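The values are calculated or read from the model by the stated rules, or taken from the named source; none is laboratory data. Small disclaimer: the values here were computed from a predicted structure and weren't measured. Here the Cβ is made from the backbone with ideal geometry for all residues, glycine too, and neighbour counts use every protein chain on show. Note: accessible area is taken over every heavy atom of the protein model, side chains too, but ligands, DNA and RNA are not part of it. Shrake-Rupley method; radii C 1.70, N 1.55, O 1.52, S 1.80 Å.
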Amino acid sequence: EVGILDENDIKDILLMFEMRKLGIAIEKERYFIGAVMAKSHRMMQAEYDYNENLMLYPEEKTEFSNNGGNTDYSGKVTEYAERYNAYKKENNLMDFDDFLIETYQALKSPTYKEDFVGVAYKWAQVDEVQDMNPLQFAILDKITANEGKTVMYLGDAQQAIFSFMGAKLSSLETLTKRTG
């Protein structure tokens with residue numbers, strides 16, 4: 001049994017770690033939380049030896065400065081990311097990005113087709129494709145059949161809003177080339 005964390009839960013966990021004692025301006029807390037989350041997931045993906053193009057967040061998303069660059073918080077970002085990951089593990093909790101990472105890990109197994117009977121779908125429909133990140137594309141590639149598959153992608157480049165989660169317009173260009 002696993003508990004699912006949403007954004008409010010994540011903030012509550014970091015507040016429980018006495019995040020406010022760092023002296024971060026309240027209006028900048030969400031940026032610190034974002035940096036901690038990015039670092040947390042980069043650390044998980046590094047443990048699994050992901051290459052850079054599948055990382056959910058670029059390294060620069062793990063950086064945070066509170067006073068226009070005058071205060072270095074890189075050590076605190078790492079510390080809180082480590083504490084967050086440990087807390088999740090101890091309490092059997094996962095957030096959305098954990099699900100992506102663990103799903104991809106399971107699908108990378110050499111025996112995943114036997115472990116997950118029926119995982120090779122011959123037909124899939126993906127909506128809001130403009131907001132997908134490379135890891136989500138990799139998962140889709142893993143769960144669709146190698147031959148005889150039909151994948152219908154629906155999206156609008158003018159509505160791409162999830163760049164903070166690793167979605168890139170270049171993914172749409174790659175997808176366009178890939179699908180012909």
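In table form, for the structure just shown:
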| quantity | calculated |
| --- | --- |
| Relative contact order of the range 1-135, pairs being alpha-carbon contacts under 8 Å that are 6 or more residues apart, as % | 32 percent |
| J(HN,Hα) series, the range 46-61, from Karplus relation 6.51 cos²θ - 1.76 cosθ + 1.60, nearest Hz, glycine and proline x | 5, 4, 8, 6, 6, 7, 4, 5, 9, 5, 5, 10, x, 3, 5, 6 |
| Contour excess over end-to-end distance, with Cα ends at Asn91 and Glu1 and 0.36 nm allotted per residue | 31.4 nm |
| Angle between the chain longest axis and helix 7-16 axis [Cα atoms, degrees, rounded to 10] | 30 degrees |
| Solvent exposure ordering (accessible area, 1.4 Å, most first) of Phe99, Phe32, Phe64 | Phe99, Phe64, Phe32 |
| Amide hydrogen neighbours beyond the local backbone of Tyr50, cut-off 5 Å, H modeled | none |
| On Cα atoms only, tilt of 134-143 relative to the major axis of the chain in degrees | 40 degrees |
| From the coordinates shown, Cα extents along the principal axes in Å corresponds to which of (1) 47, 33, 30; (2) 92, 34, 32; (3) 57, 39, 26 | (3) |
| Greater than 27 Å apart at Cα, pairs in Lys39/Lys149; Lys89/Lys149; Lys108/Lys177; Lys28/Lys108; Lys11/Lys142 | Lys39/Lys149; Lys89/Lys149; Lys28/Lys108; Lys11/Lys142 |
| Cut-off under 5 Å, modelled amide H: who pairs with Tyr121 long-range | Thr144, Ala145 |
| Estimated FRET transfer efficiency (Glu59, Asp141; beta-carbon r; R0 35 Å; 0.05) | 0.90 |
| Cβ charges +1 (Lys, Arg) and -1 (Asp, Glu), total dipole of the chain, debye | 280 debye |
| Separation of the Lys113 and Met43 label points, Cα + 7 Å toward Cβ, nm | 3.7 nm |
| Rounded tilt (10° steps) of 169-179 against the dominant C-alpha axis of the chain | 10 degrees |
| Per-pair calculated FRET efficiency, R0 = 35 Å: Gln105 and Met152 via Cβ, rounded to 0.05 | 0.85 |
| Amide H contacts under 5 Å for Leu93, placed H, 5+ residues apart | Gly3 |
| Sequence of Met37, Met43 from largest to smallest accessible area, 1.4 Å probe | Met43, Met37 |
